[in-house]
Structure formats: C-alpha cells, structure tokens
Amino acid sequence: VGCHRGHMIDPKVTFKDAKTNLARLASATASSARDTYYFTPWRINDSRLADNQGRYAWVSVEESTPWVQLNWQAPVTVDEVVFYPSNLGGSRIDKGTLYFGDGSSLPVLVPLAGSLPLKFPFPARNISWLRFQIEAGEGTTMGLAEIVVHGSQQVTLPQLPPNAPRKLKVTQEPLLLT
C-alpha cells in the first residue's frame, strides 16, 4: 500500500514489528545488467518494486548463473533477507545461493516467481557484503525486483566520506568509476 505501486509499505506491520532495511546503506554490483537505468544493479535496493513492465528491477543479460551483490562501507549484522521477484517476461528463479562476506553460504531452494516476497531468515552474522547467485531458473530475464536485508539497527559508518571518483572518462559504454 502506498501512493503508487512501488512503495513497499505493508499495512499489517505494526511499528513494533518494523525492521531496519540495511540494504539501503549498501552499494550494489552485479555480473551483468540488461541496461543502465531500468534494469541496473542499483535497482535492487532502491526501495521501489518493479512496475507492470518489470522496470525498476535488476535483470541480468541472459546468463546461466547471474549474481547481484550488496557491499557495505562498514560491517553490518544481518539475520534475514527478503527477496522480491522480478515480474519481467515470466522468468522464474528455481535455485540460488546466498554468499556472505564472512565466508559462509546458504542455499535458497524455494522458487522465486510472481509477486510474493520470500522471507529468508538465518542465524545472525557480521558481514561487509552479501551476494545472491542464481543457479537454476527459467526464462531469459532472470533478476530480482528488490532485496531487503534485516538486521541490527546498530550500524557504525565510517566518519569520512568515501574517496571521490578519479580518472573519469566519457564513453559509449557504461561509466566506470575508479
């Protein structure tokens, strides 16, 4: 419920049940992206669900095992990931693996399709990144509309801002910041 499709507000959740979405503090990268605006990795944690055409989601470029990763500037403690499937082209994710920056991993064996989110709780762990790799599915437009990461609200971010990009150049390809 919200003023338009895309706002992720659940009216059944009370304030005491609310959780912090740590994904909003992360930067996103991926093995590939269908384009640089509608289906790019940063759509995975923009708190906007895909529209009826599947836009505003991360969608890979016809890979057999695509992945998307969230990176935090400082370690965070996480205990649940909520996957929101992409509804583009009828694609479906059948199996994947959630990899964590502490070296551990967990299989995700529940199909991700349609519009229902999948809540995936696990024992808390302290990490600086997590990656979801799709290992089996159907269709050529596999991806996710959103990833929400729940965990501790106690996050200590670095005191200094990140370094400014250097050596920028304009090309016809996606812009790479180094």
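The values are calculated or read from the model by the stated rules, or taken from the named source; none is laboratory data. This is a predicted model, so every value here is computed, not measured. Neighbour counts are summed over all protein chains in view; Cβ atoms, including those assigned to glycine, are modelled from backbone coordinates with ideal geometry. Accessible surface is based on the protein model in full, side chains and every heavy atom, while ligands, DNA and RNA are left aside. Shrake-Rupley method; radii C 1.70, N 1.55, O 1.52, S 1.80 Å.
For ALA23, the conditions (1) within 15 Å of the chain's Cα centre (by Cα); (2) over 21 Å from GLY139 (Cβ atoms); (3) open to solvent by 60 Å² or more (accessible area, probe 1.4 Å) are fulfilled apart from (3).
In region 119-176, of all residues being at pLDDT below 65 and polar (S, T, N, Q), the one that is nearest to VAL78 (Cα to Cα) corresponds to THR156.
Checking each residue in region 114-155 for being within 12 Å of PHE83 (Cα to Cα) and either among the hydroxyl-bearing types (Ser, Thr, Tyr) or outside any strand (DSSP E or B) (or both) picks out GLY114, SER115, LEU116, PRO117.
Restricting VAL68, VAL13, VAL81 to those that are modelled with pLDDT of 85 or more and over 15 Å from MET142 (Cβ atoms) reduces the list to VAL81.
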